[in-house]
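Working notes for the structure below.
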Number of protein chains: 2
Amino acid sequence: MASDGEVMNNKQVILKHFVDGAPKESDMLVKTSSISLKVESGSKAIVVKNLYLSCDSYVGIRLKNFVPHECSSFTPGSPLEGFGVAKVVDSGYPKFKEGDLVWGTVGWEEYSVIKNPESLFKIHHTDVPLSYYTGILGMQGITAWAGFYKVAAPKKGENVYISAAAGAVGQLVGQFAKLMGCYVVGSAGSKEKVEILKKKLGFDDAFNYKEEHDLNATLKRYFPEGIDLYFETVGGKMLDAVLLNMRLHGRIVVCGMISQYYLSEPEGIHNLMNLPYKRIRMEGLAVIDYFPQYSEFLDVVLALIREEKLVYLEDIAEAIESAPAALVSLFNGRSVGKQVVVVARK
Amino acid sequence: MASDGEVMNNKQVILKHFVDGAPKESDMLVKTSSISLKVESGSKAIVVKNLYLSCDSYVGIRLKNFVPHECSSFTPGSPLEGFGVAKVVDSGYPKFKEGDLVWGTVGWEEYSVIKNPESLFKIHHTDVPLSYYTGILGMQGITAWAGFYKVAAPKKGENVYISAAAGAVGQLVGQFAKLMGCYVVGSAGSKEKVEILKKKLGFDDAFNYKEEHDLNATLKRYFPEGIDLYFETVGGKMLDAVLLNMRLHGRIVVCGMISQYYLSEPEGIHNLMNLPYKRIRMEGLAVIDYFPQYSEFLDVVLALIREEKLVYLEDIAEAIESAPAALVSLFNGRSVGKQVVVVARK
């Protein structure tokens, strides 16, 4: 337990300056400040020790000076923030007590003061790796689950295409689709990832988009009858090629468009006339809308993990000093599976 | 009744050659051929006398050599086709008898032989103008009704924006939205149309998009709180500006993109990242999917017409010789309201 006024060193990942293009390691620095581990008297805040930090593209976006809609830029000189798993050190909030494990938004630092602890989820199930709450049991898990089961209206036997399929969301959606009896093809940006999709994750097929020069022809090859369901995390030319290859009454679930975040102007999409031609539904999804359904999600996905019906790939970087490189790896395609940083294991 | 072998002169609107850009009158010609008004023995075809022809943008599209998806080009040297109202002259099909009024796809000519009469709807209600079955009680009526009530999920008090609002679909959607208690703004391409929207059709406000240089700013002015529901018939820059001004959980019903049909390549749409940011649903609609619900639609809209709760504007061109000019007027913005050609009044 933290004694009154105990002050600890606190390593933090700081934004040095706003970024122009994709983030580079040199845009961040790790520096040591200090923190009191005791909640101020009368405050409803909690103090947590951070265990695992989640590297997500939306963290990278917030390194830019302009961040669109509902998501603010980080402040140069201050630490980054993102989803993480943490242990409560001291609490002014009745729902949490010292020693509780939680997941939610924390600072990219060893210890954080959380002023709005009501936004955190308490972790009750620890028979699975704690890091899972940064991904498969956290934000990306809910995204994949809500996108597939709540938005996409999938049916057995449908043709499902997933871009960025080796990523945190894509690998889960692909496995949900296989469990439902769909035909599932994924794309990724390296031979290694393509092998993983086919051999470890059970996709019916997969391809390296970097080796394809005509994405329209590629998709026609993998989906001669067309695509019923596309999980969009990429945007740009991939989306335009997908629109040409959608089937009647197809659905496109839009979680993100990682290829577009660091362009000065997003690429134009030219094939939207396929929406009325093929009665396509294209729908954006933001995970926070599904947070109220977290326990329904957890019942489904925990059971699948325990029954070993889901494979989950993590790419775990050791120590907070590795966090800038881990974040950057999301944008240069180097990370395979969910990118996590371990700050401490307990 | 047509006596055996009666042969009549039959004026037809013929496609002279495929068009490159928007259709011109000189791409069509009206010529007289001959037709037997008697169905061949053993055929299930019917022969009809065409009364009203519907000028629709999809008719214009079919003058191009390349027509995307589920909709074929016309054949040079042959008559155009489109929706129309007709009277049965002779019938080999048990459901229809001589003298019945029908609507559905007919040739652009005085008389047509219809080989698939099962696709036609019988007209039972003649207390409204027969020409209404080319629009408000036909294809555009179902499009507006299905788009608004079945796809858009509208709610009282929502902010609705309609482009091409003085057109056949737009004027109806706007009135449906007003009947539901929405705030409705429309845009059109002339001062005259804007006045009609505000003074005759009961829109809350309207503007001439040709006088606006920054559509994003324009939409912010008319919708300071954003747009909940957009009815898309235009595409291009208008859609990009709308995406910037959509509200959380907004819906975009895509019926068509008339600004794009005659471009060699459709314009790029750059602002689709707003789909996930704002959880927008964008859904394409094709009217034929709702033909099985025609009687449900008819109950609703006939009642509204009889109670004088709907205003319906038609632009009626006299005689089949005026059909090429009437079709062209859709694409140069000259037609106000539903463009119809009267071939014969009975």
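The values are calculated or read from the model by the stated rules, or taken from the named source; none is laboratory data. Predicted model only: the values in this text are computed from it and were never measured. Heads up, the Cβs are rebuilt from the backbone with ideal geometry, glycines too, and the neighbour counts pull from every protein chain shown.
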**OP:** Could you check B:ARG251 against (1) of a type in the set (D, E, K, R); (2) in contact with a Lys or Arg (Cβ under 7 Å, 6 or more places away or on another chain); (3) away from chain A (no Cβ under 14 Å) and say which number it fails?
**Re:** (3)
Original post:
Identify, please: which residue in segment A:190-208 is in contact with a strand residue (DSSP E or B) (Cβ under 9 Å, 6 or more places away or on another chain) and either surrounded by fewer than 19 Cβ atoms within 10 Å (Cβ to Cβ) or without any contact (Cβ under 8 Å) to a residue 12 or more places away in the chain (or both) and is, among those, nearest to A:ARG334 (Cα to Cα)?
Top reply: A:SER190
Original post:
Which condition number does A:ALA241 fail, the rest of (1) more than 11 Å from chain B (Cβ to nearest Cβ); (2) surrounded by fewer than 19 Cβ atoms within 10 Å (Cβ to Cβ); (3) not charged (D, E, K, R) being met?
Top reply: (2)
Original post:
Of the conditions (1) in a strand (DSSP E or B); (2) charged (D, E, K, R); (3) farther than 26 Å from A:LYS155 by Cβ, A:GLU321 fails just one. Which one is it?
Top reply: (1)
Subject >> All positions within segment A:71-90 that are farther than 10 Å from A:LYS49 by Cα and more than 17 Å from the chain's Cα centre (by Cα) >> reply: A:SER72, A:SER73, A:PHE74, A:THR75, A:PRO76, A:GLY77, A:SER78, A:PRO79
Subject >> Test: B:TYR93 is touching a residue at least 12 places away in the same chain (Cβ under 8 Å) and under 24 Å from the mean Cα position of the chain (by Cα) >> reply: no
Original post:
A:GLY333 fails exactly one of the following numbered conditions: (1) outside any strand (DSSP E or B); (2) closer than 22 Å to A:TRP103 by Cα. What is the number of that condition?
Top reply: (2)
Original post:
Out of all the residues in segment B:97-129, which are touching a Ser or Thr at 6+ places or on another chain (Cβ under 7 Å), more than 15 Å from B:TYR294 (Cβ to Cβ) and either surrounded by fewer than 17 Cβ atoms within 10 Å (Cβ to Cβ) or charged (D, E, K, R) (or both)?
Top reply: B:LYS97, B:GLU98
Original post:
In segment B:63-72, what residues are within 22 Å of B:GLU321 (Cα to Cα) and surrounded by fewer than 22 Cβ atoms within 10 Å (Cβ to Cβ)?
Top reply: B:LYS64
**OP:** Check whether at least one residue in segment A:254-263 is farther than 20 Å from A:GLN140 by Cα, within 13 Å of chain B (Cβ to nearest Cβ), surrounded by fewer than 22 Cβ atoms within 10 Å (Cβ to Cβ) and in contact with a His (Cβ under 8 Å, 6 or more places away or on another chain), and report yes or no.
**Re:** no
Original post:
If only one of B:VAL194, B:VAL184 is among the aliphatic types (A, V, I, L, M), modelled with pLDDT of 95 or more and under 20 Å from the mean Cα position of the chain (by Cα), which one is it?
Top reply: B:VAL194
Original post:
Among the candidates B:TYR222, B:TYR277, which residue alone is within 9 Å of another protein chain (Cβ to nearest Cβ), more than 28 Å from B:THR134 (Cα to Cα) and hydroxyl-bearing (Ser, Thr, Tyr)?
Top reply: B:TYR277
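Each row is one residue, and each column tells you yes or no for (1) modelled with pLDDT of 95 or more; (2) over 30 Å from A:ASP27 (Cα atoms).
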{"site": "A:MET282", "(1), (2)": "yes, yes"}
{"site": "A:PHE291", "(1), (2)": "no, yes"}
{"site": "A:ARG306", "(1), (2)": "yes, yes"}
{"site": "A:GLY333", "(1), (2)": "no, no"}
**OP:** Check whether at least one residue in segment A:157-177 is in a helix (DSSP H, G or I) and either more than 19 Å from the chain's Cα centre (by Cα) or surrounded by fewer than 20 Cβ atoms within 10 Å (Cβ to Cβ) (or both), and report yes or no.
**Re:** no
**OP:** Report, by residue number, each residue of segment A:281-339 that is away from chain B (no Cβ under 14 Å) and of a type in the set (Ser, Thr, Tyr).
**Re:** A:TYR294, A:SER295, A:TYR312, A:SER322, A:SER329, A:SER335
Original post:
Does B:PHE74 meet the test of being over 14 Å from B:TYR133 (Cβ atoms) and within 14 Å of chain A (Cβ to nearest Cβ)?
Top reply: no
**OP:** Go through (1) assigned to a helix (DSSP H, G or I); (2) among the polar types (S, T, N, Q); (3) surrounded by 20 or more Cβ atoms within 10 Å (Cβ to Cβ) and name the single condition B:ASN216 misses.
**Re:** (3)
Original post:
Of everything in segment A:285-308 that's hydrophobic (A, V, I, L, M, F, W, C) and outside any helix (DSSP H, G or I), which residue is surrounded by the fewest Cβ atoms within 10 Å (Cβ to Cβ)?
Top reply: A:ALA286
Original post:
Of the conditions (1) more than 25 Å from B:PHE331 (Cα to Cα); (2) without any contact (Cβ under 8 Å) to a residue 12 or more places away in the chain; (3) outside any loop (DSSP other than H, G, I, E, B), B:PRO224 fails just one. Which one is it?
Top reply: (3)
**OP:** Evaluate segment A:15-37: report whether one residue or more is within 18 Å of the chain's Cα centre (by Cα) and at pLDDT below 90.
**Re:** yes
